[in-house]
Number of protein chains: 2
Amino acid sequence: MTSTWLPAGTVAADSPFGIHNLPYGVFTTTEDPSPRIGVAVGNAVLDAGAVAQATGSDHAALLSAATLNPLMAAGRPVWTTVRAEITAWLTDPGYRHDVLPNLTPLQDARLHLPFEVADYVDFYASEDHATNLGRIFRPDSEPLTPNWKHLPIGYHGRSGTVVVSGTDVVRPSGQRKAPADAAPTFGPSQRLDIEAEVGFVVGTPSKLGEPVALADFRTHVFGVCLVNDWSARDIQAWEYVPLGPFLGKSFATSVSPWIVPLDALEHAWTAPPARDVPLLPYLDDTAAAPAGLDLDMAVALNGHEVSRPPFKGMYWTAAQQLAHMTVNGAALRTGDLYASGTVSGPDRDRRGAFIEITWNGQDPLKLPDGTTRGFLEDGDEVVITATAPGPDGTRVGFGAVTGRIRPAVG
Amino acid sequence: MTSTWLPAGTVAADSPFGIHNLPYGVFTTTEDPSPRIGVAVGNAVLDAGAVAQATGSDHAALLSAATLNPLMAAGRPVWTTVRAEITAWLTDPGYRHDVLPNLTPLQDARLHLPFEVADYVDFYASEDHATNLGRIFRPDSEPLTPNWKHLPIGYHGRSGTVVVSGTDVVRPSGQRKAPADAAPTFGPSQRLDIEAEVGFVVGTPSKLGEPVALADFRTHVFGVCLVNDWSARDIQAWEYVPLGPFLGKSFATSVSPWIVPLDALEHAWTAPPARDVPLLPYLDDTAAAPAGLDLDMAVALNGHEVSRPPFKGMYWTAAQQLAHMTVNGAALRTGDLYASGTVSGPDRDRRGAFIEITWNGQDPLKLPDGTTRGFLEDGDEVVITATAPGPDGTRVGFGAVTGRIRPAVG
């Protein structure tokens, strides 16, 4: 196993940011407020651009950008080379004098949205989640729509309101109408919820009119992050027929600040669940390498863990979602973000949204402080974390996506 | 009426690009392939940046950009000043020597996507269109969903596949399933359609968490263009429940190359239709100035006019759409584009989509060449144009959004 020369205490043996992870982010410090690319390693952030300049790296320009977009646009061969280079800096003591001045304690780094989001697409790939939502939103119909097992259902969200972890979320106001009401009313959402998801970040673009095959997933996808797709269930329920979610989602979508490279997830691939219906060729992955990801996720409310959603149970994989999203010829751009959809398992303590955990508020969750929750209250803080298997029993960490609810305005 | 000193023949009395219009675009020429801001005037394009530099304008930097985004971001007071300045160049003969070298015949200009699209939202604001689509897609239900008259229904589309007029559209492939089929099949769309729409381009951004009031429409919206929201009806019908249109729309959305400033539309404002239900305060425009727009649109297929959609009949105005889109606190960015939804009137020759004109292909359209159309065939060219009332009986032209269908790939 590769080991680092970094000073003892920098990278603990069980660190989620071990030497095999090396996720990318963008950070500033009080001393230097210019945004720059950082790589998390143990309890520190490496200023990747500064080290690249100090070592005369060919990739100094890419790593000295203010966002990850130029690096993401450079394509997989460059991603592989840059990752090998950063690994060398941290494992070859000859780089000590270049690296040591460019480490910042993680706690001193302010983390920013690491890339400029192009288009944002949200999928709906957990069978348990889709079944639960179908039962709650459409109690008189089959919970899964007839298309659900034939294609990964998705829709476009608002890329301009994707925010980095730690950004407060203002409770949205909007129209909502209970079935018994004669007309809609306006006011702050009373059913503010989360959706614990996993996000995939596109690096290499594609051409308009040219679908991306299942096998080309690794060519285009740069890395993985966590997503909290905040949802106002009362606004959503009233607005979403027939054209889908809009204001119930568009007020904020939070992403974790660290983008875990696909190369850090080599030990996390796992077989997706068996599919119940034959898939059309462009989605058929039965002969492909396992394309599910074995991520253990956790959702905490005000410091109390409320759920551990199992990502490996997702019916549709990220490769299938990418193939589907482009099969009509839609082009990919650097910075496209697509999210898995809420990650839910079959049991209550494995669900990734409060609407499922509390069954639309009917079965509130009891918190250790004696309070209960159907949905989120002002001041509540949600933290979603995840890890994946790494080499030799280590875990690859995704960090956290956090957000606190602020009261509605006006 | 203001008149121009431009040489006789440059601006005909009935030109859609008269001196009161002055729409903005981005153009190149064979001699100078660098994209730059142009203003259409008669049968010429004015190189706005070059004249601004020649005259020492304070806005030379904004007008010398490669896209309209910097000018759009500068805000309404700057838009007003810049428009007055350009008007002065074209009406005060003292500017003759600055202007004349910087005019290009319109036919020699290659027109580009004039702004970088941030988020793209598509609305659904024609009661006739929504009723027709409801009857076709959901024959067993009420055609208008219960929310339709309470809020302007909309959804996010794919901003990365917004293309400029003149870009060929490759017929998309995808899944489609007729009700009688046991399973979906895959192949080129057999029901490729248009949607004739009007687009609104956001200049001034807004802050996350702060709704934009009805009255602030003019503060934020820079101008207006034409939109063809290409739609694959077979793909759309199979995929869109429950989360809305996705691949049936995301392969291409064409926009006209000229952005008509709001200031050019002073004579086009008109009262929207009477509303059937009381509106919540954030949408209630009964006490506001008329916020409908009296645009006459025309749709031509292979040179033959097939429809004249009446924009003034739209149930929801652009100001209401903007207020709704932000009422949950969603932020606006410079470059946000939102489209009206298909513009359809009550009669067959006033409908803005073939699915309505031919009633889902059941009543094909006869063309002068003896052929018929249910939906679009490969090689078909669609041209959507529009004009609005200008001062003294003139018309303000929007130019055209055109597109030709290329065969499916693969």
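The values are calculated or read from the model by the stated rules, or taken from the named source; none is laboratory data. Because the structure is predicted, anything quoted here is derived from the model rather than measured. All Cβ positions, even for glycine, are placed from backbone atoms using ideal geometry, and neighbour counts span all protein chains on display.
Taking the conditions exactly as written (within 13 Å of chain B (Cβ to nearest Cβ), buried (at least 22 other Cβ atoms within 10 Å of the Cβ) and closer than 25 Å to A:Ala118 by Cβ), does A:Phe251 satisfy them or not? Answer is yes for this residue.
crowded, with 21+ Cβ neighbours inside 10 Å and within 13 Å of another protein chain (Cβ to nearest Cβ): which single residue out of A:Pro211, A:Pro205 fits that description?
A:Pro211
Listed here are the strands (runs of 3 or more DSSP E) enclosed by segment A:132-189 that have at least 1 residues being touching a Phe, Trp or Tyr at 6+ places or on another chain (Cβ under 7 Å) and not hydrophobic (A, V, I, L, M, F, W, C): A:154-157, A:173-176. Just one of (1) touching a residue at least 40 places away in the same chain (Cβ under 8 Å); (2) of a type in the set (Lys, Arg); (3) over 15 Å from B:Ser231 (Cβ atoms) fails for B:Arg351. It is (3).
Considering only residues that are more than 20 Å from B:Asp122 (Cα to Cα) and surrounded by 16 or more Cβ atoms within 10 Å (Cβ to Cβ), which ones fall in segment B:139-166?
Here is the first cut: in segment B:139-166, the ones more than 20 Å from B:Asp122 (Cα to Cα) are B:139-142, B:166.
Passing the criteria: only B:Gly166.
Please pick out the residue among A:Gly75, A:Gly49 that is more than 22 Å from A:Ser3 (Cβ to Cβ), touching a residue at least 24 places away in the same chain (Cβ under 8 Å), of a type in the set (Gly, Ala, Ser) and not assigned by TED's automatic domain parsing to the domain that holds A:Gly166. On inspection, the qualifying residue turns out to be A:Gly75.
Residues that are closer than 30 Å to B:Leu367 by Cβ and not β-branched (Val, Ile, Thr), at least 2 per element: which strands (runs of 3 or more DSSP E) completely within segment B:258-353 meet that?
By residue number, B:296-301, B:304-307.
A:Ser57 satisfies every condition listed in (1) small (Gly, Ala, Ser); (2) out of contact with any Asp or Glu (no Cβ under 9 Å at 6 or more places or on another chain); (3) buried (at least 17 other Cβ atoms within 10 Å of the Cβ); (4) part of a loop (DSSP other than H, G, I, E, B) except (2). Checking each residue in segment B:112-146 for being among the hydrophobic types (A, V, I, L, M, F, W, C) and under 19 Å from B:Ala274 (Cβ atoms) picks out B:Ala125, B:Ala130, B:Leu144. If only residues of segment B:326-342 that are touching a His at 6+ places or on another chain (Cβ under 7 Å) and closer than 25 Å to B:Asn132 by Cα are counted, the one that is nearest to the other protein chains (Cβ to nearest Cβ) is B:Gly341. From the list B:Gly56, B:Gly18, the one residue that fits, being more than 19 Å from B:Phe115 (Cα to Cα) and without any contact (Cβ under 8 Å) to a residue 24 or more places away in the chain, is B:Gly56.
Which condition number does B:Leu192 fail, the rest of (1) at the interface with chain A (Cβ under 8 Å from one of its Cβ atoms); (2) touching a residue at least 12 places away in the same chain (Cβ under 8 Å) being met? With respect to (1) at the interface with chain A (Cβ under 8 Å from one of its Cβ atoms); (2) touching a residue at least 12 places away in the same chain (Cβ under 8 Å), B:Leu192 is out only on (1).
Filter segment B:335-374 down to the residues that are more than 17 Å from B:Phe123 (Cα to Cα) and in contact with a Gly (Cβ under 6 Å, 6 or more places away or on another chain) and list them by number. Result: B:Thr358, B:Gly361, B:Pro364, B:Gly374.
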